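Below is one structure, written out as structure tokens, with a few remarks after it.
The values are calculated or read from the model by the stated rules, or taken from the named source; none is laboratory data. As the structure is a prediction and not an experimental result, all values here were calculated from the model. With ideal geometry, Cβ positions are generated from the backbone for all residues, glycine too; neighbour counts draw on all protein chains shown.
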Amino acid sequence: MAKHLLQHIHRTTNLGRRKMAELLQEASLRIHNKSQLIEEIVAECKAFRVTNARNQPRTPGVCEKGTRPGAYWEIDFTERYRVLEYIGNFRLLAELSSPFVNQRWFFEVLKYPKSSKANVINGILMAVVFFIVRIAVMPPFYAYLYSVYGTEPYMRLGLVIQLSWVFSCLILDVMNVIWMYRISKGCIKVILLIRREKATDHLQNGKVD
């Protein structure tokens, strides 16, 4: 009976060992062999194991490869094969725009109107940063790619890494152009909405510019 209760709690909350023990303590539930039962239930739960990453022991000088999601976070080409490290880090600069993109979700959850000052400022910053780190960098990036194409270091990479480098970047940049178009369209829409609201306020106040 106790095990079934703990299994139900774990399945509905996905809590780990410590959090489940704290929950039972707060609820003043006394269960015989509580710690052992919790340990068994959490260990048996496959969904919990694959969705809760944690630090893994590492061997110095050895690049481990995990057997489950989140066990060892790695970028295979840059960390496992030690190639394209400059390219990998250069492409990661694109994520500088992510905080502004994610902030839109927070404003939406907090029910900020799209025409609010915070939303507009964030939208403008998002558009500017997105353009700088994802669009403006395309010409120098592909110029560099063209300059090394066919060289001996490029040929030493092998066909798999060459294709992965070129086609993954092309696909991502096509998506970046589409996103930039949508972001620009959204910014223009919000700016026009603000101007329309201001014009309406002026008319209601008896002011016509």
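Evaluate the following for SER168: is it under 30 Å from LEU84 (Cβ atoms), hydroxyl-bearing (Ser, Thr, Tyr) and part of a helix (DSSP H, G or I)? The answer is yes for SER168.
Any residue at all in segment 60-75 that is acidic (Asp, Glu) and modelled with pLDDT under 75?
Start the filter on segment 60-75 by keeping residues that are acidic (Asp, Glu), which leaves 64, 74.
Narrowing further to those that are modelled with pLDDT under 75: 64, 74.
Yes, segment 60-75 contains at least one residue that is acidic (Asp, Glu) and modelled with pLDDT under 75.
Taken across segment 100-113, residues that are over 16 Å from LEU193 (Cβ atoms) and either in contact with a strand residue (DSSP E or B) (Cβ under 6 Å, 6 or more places away or on another chain) or touching a residue at least 40 places away in the same chain (Cβ under 8 Å) (or both) do not occur at all. Cβ-Cβ contacts under 9 Å between residues 6 or more apart (or on different chains), taken from a first residue in segment 24-36 that is within 16 Å of HIS10 (Cα to Cα) to a second residue that is among the charged types (D, E, K, R) and surrounded by fewer than 11 Cβ atoms within 10 Å (Cβ to Cβ), are listed as LEU24/ARG30.
Remark: pairs (first residue in segment 1-16, at positive phi; second residue among the hydrophobic types (A, V, I, L, M, F, W, C); Cβ separation under 9 Å; 6+ apart in sequence or on different chains) = ASN14/CYS45; ASN14/ALA47; ASN14/PHE48. On the basis of being outside any helix (DSSP H, G or I) and out of contact with any strand residue (DSSP E or B) (no Cβ under 8 Å at 6 or more places or on another chain), does GLY186 make the cut? Here the answer is no, as GLY186 does not meet what is asked. Of the residues making up segment 100-135, just one is in a loop (DSSP other than H, G, I, E, B) and aliphatic (A, V, I, L, M), namely LEU110. For segment 113-132, the count of residues that are among the aromatic types (Phe, Trp, Tyr) and surrounded by fewer than 15 Cβ atoms within 10 Å (Cβ to Cβ) is zero. Filter segment 165-209 down to residues that are more than 29 Å from ILE132 (Cβ to Cβ) and of a type in the set (Val, Ile, Thr) and give me whichever is modelled with the highest pLDDT. Ranking the qualifying residues of segment 165-209, first place goes to THR200.
Scanning segment 75-86 for residues that are free of Cβ contacts under 8 Å to residues at least 12 places away in the same chain and closer than 20 Å to ILE183 by Cα turns up nothing.
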